[in-house]
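Presented below is the structure to which this report refers.
Just so you know, all these numbers are worked out from the coordinates, no wet-lab data involved. Given the structure is predicted, the values throughout are model-derived calculations rather than measurements. Cβ: placed from backbone, ideal geometry, glycine included. Neighbour counts: every protein chain shown.
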Amino acid sequence: MTDDLRTWLGALPKVELHLHLEGAIPLSALWQLMEKYGGDADVPDLAALRPRLTYKDFPDFIATWIWKNGFIRSYDDFTFIAEAVARDLARQNIRYAEIFFSPTRFLDQGLKPIGLAKAIRAGLDRVGEIEVRLIADLVRDHGPDQAADTLSQIKEVMDCGIIGIGIGGSEHLYPPEPFAEVYEAARALGLRTSAHAGEAAGPESIRGAVEALKVDRIGHGIAAHADESVMALLAETQVPIELCPLSNVATGSLAGIEDHPVRQFWDAGLMLTVNTDDPGMFHNSMVEEFVVLHDVFGFDRAQIKTFILNGVAASWQTAEQRAAMATAFQAAPAWQS
């Protein structure tokens with residue numbers, strides 16, 4: 001049954017709304033970068049790379065993220081990984097994606113936000129089978145002043161397909177409220193907004209993202225289950241949640257997949273989408289995310305289609321583009337089965 005399910009899921013057209021470029025690099029592409037820059041003595045070959053990308057908790061994941069970023073050193077490297085990620089998404093029948101990139105994480109390499117955006121766009125444009133738009137992750141660890149400076153730079157390259165901003169990074173150390181002015185400035189530029197919230201901090205982080213930042217979407221949001229008032233807020237506002245179930249287990253945010261509140265969220269009427277977050281680091285895929293929803297939580301095929309259409313509806317395309325995409329998805333042969 002699971003093999004048949006995987007085949008069907010693979011054939012379905014899909015969207016991805018919560019995906020980090022630097023965390024989605026296929027292992028083979030990351031290995032090429034490691035070889036280019038002299039490698040790591042603790043990772044002697046490609047086979048050793050996968051176990052290196054495992055984490056005991058969220059801080060360990062962040063530390064590994066920084067280690068991996070050490071092998072991305074030039075604008076050409078960003079063009080290379082952008083193309084590799086886009087090809088990997090297209091291979092999975094993902095037709096549309098909104099991808100985070102981190103404009104300020106590479107300043108120590110001499111890489112500026114404007115140059116990064118152009119380099120990434122060049123790589124994405126080499127793959128015609130998928131449409132990809134970009135979300136600038138302002139990285140909460142660097143503070144609101146740096147976020148404001150980054151915003152002032154990326155507004156010069158919005159024609160590279162930048163449609164929104166977000167804040168990732170160490171949520172447990174940096175709450176959302178200090179970024180309210182930056183979010184207001186982003187909206188004034190016509191950008192949409194998301195925030196990682198309720199992943200590595202409690203439900204108060206989600207409330208802050210909704211009420212102080214006025215976000216269009218919430219990344220992860222799993223801590224909402226611990227506060228009935230936050231659950232009610234999400235149900236009332238219908239702010240879409242970018243769920244990343246397997247990611248939450250991989251980072252230690254949840255002890256096991258059975259602890260994920262997806263069924264509680266669904267039953268409460270929250271607006272849910274399904275995403276992979278960092279598939280290059282978690283070794284997951286959209287197909288595997290949906291297999292888990294089916295096998296562990298009992299979501300059937302009709303409900304899986306609803307998750308996919310929720311992703312279309314929550315995307316930051318125009319209303320006309322969303323409607324056209326929903327129609328096209330439902331006309332796909334696999335959708336009829």
remark   = A chain fully extended from N69 to A268 at 0.36 nm per residue, minus the present Cα-Cα distance, gains in nm 67.8 nm
note = Taking every other residue with Cβ under 12 Å from the Cβ of G10 and scoring Lys and Arg +1, Asp and Glu -1, one gets 0
query = Could the peptides 193-201, 109-117 be put in order, highest first, of the mean number of other beta-carbon atoms found within 10 Å of their residues?
reply = 193-201, 109-117
request  = Please give the peptides 238-251, 264-277 ranked by average Cβ packing (other Cβ atoms within 10 Å per residue), highest first, as a rough proxy for protection.
outcome  = 238-251, 264-277
ask   = How about K305: which lysines have a C-alpha closer than 22 Å to its C-alpha, ignoring those fewer than 8 places off in the same chain?
value = K14
message = If you average the alpha carbon positions of region 110-165 and of region 236-263, how far apart do those two centres end up, in angstrom?
response = 26 Å
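Among the helices of the chain (complete DSSP H runs), which have Cα atoms covering no less than 18 Å along the helix axis and a Kyte-Doolittle mean of at least -1.0? Don't skip to the end; give the middle numbers.
Numbers: long enough: 75-91 (24 Å, 0.02); 301-314 (20 Å, 0.62).
Span-like helices, by this rule, are 75-91, 301-314.
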Of I135, I163, I206, the one that fluctuates the most in a GNM where the chain has Cα springs shorter than 10 Å = I163
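Do any trypsin sites (Lys or Arg not before Pro) in region 178-221 lie in a DSSP loop with no more than 16 other beta carbon atoms within 10 Å, and if so, which?
Details: sites: R187, R192, R207, K214, R217; in loops: K214.
Filter output for region 178-221: K214.
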ask   = When the scattering of region 233-292 is computed by the Debye formula from its Cα atoms alone, each counted once and equally, what is log10 I(q)/I(0) at q = 0.12, 0.14 Å⁻¹?
value = -0.29, -0.39
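Starting from the Cα-Cα distance between V296 and D76, subtract it from 0.36 nm times their residue separation and give me the gain in nm to one decimal.
My answer for the length gained is 75.0 nm.
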task = Set the Förster radius R0 to 41 Å, insert the Cβ-Cβ distance between S229 and D57 as r into 1/(1 + (r/R0)^6), and round the FRET efficiency to 0.05.
result = 0.90
ask   = Between T2 and K118, what length in nm is gained on full extension when 0.36 nm per residue of separation is reduced by their alpha carbon distance?
value = 37.6 nm
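222 nm [θ] for the chain, helices only, -39500 (n - 2.57) per DSSP H run of 4+, per residue, to 500?
It comes out at -14000 deg cm²/dmol, rounded to the nearest 500.
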query = Hey, can you rank 91-104, 34-47, 284-297 by average C-beta count inside 10 Å, highest first?
reply = 91-104, 284-297, 34-47
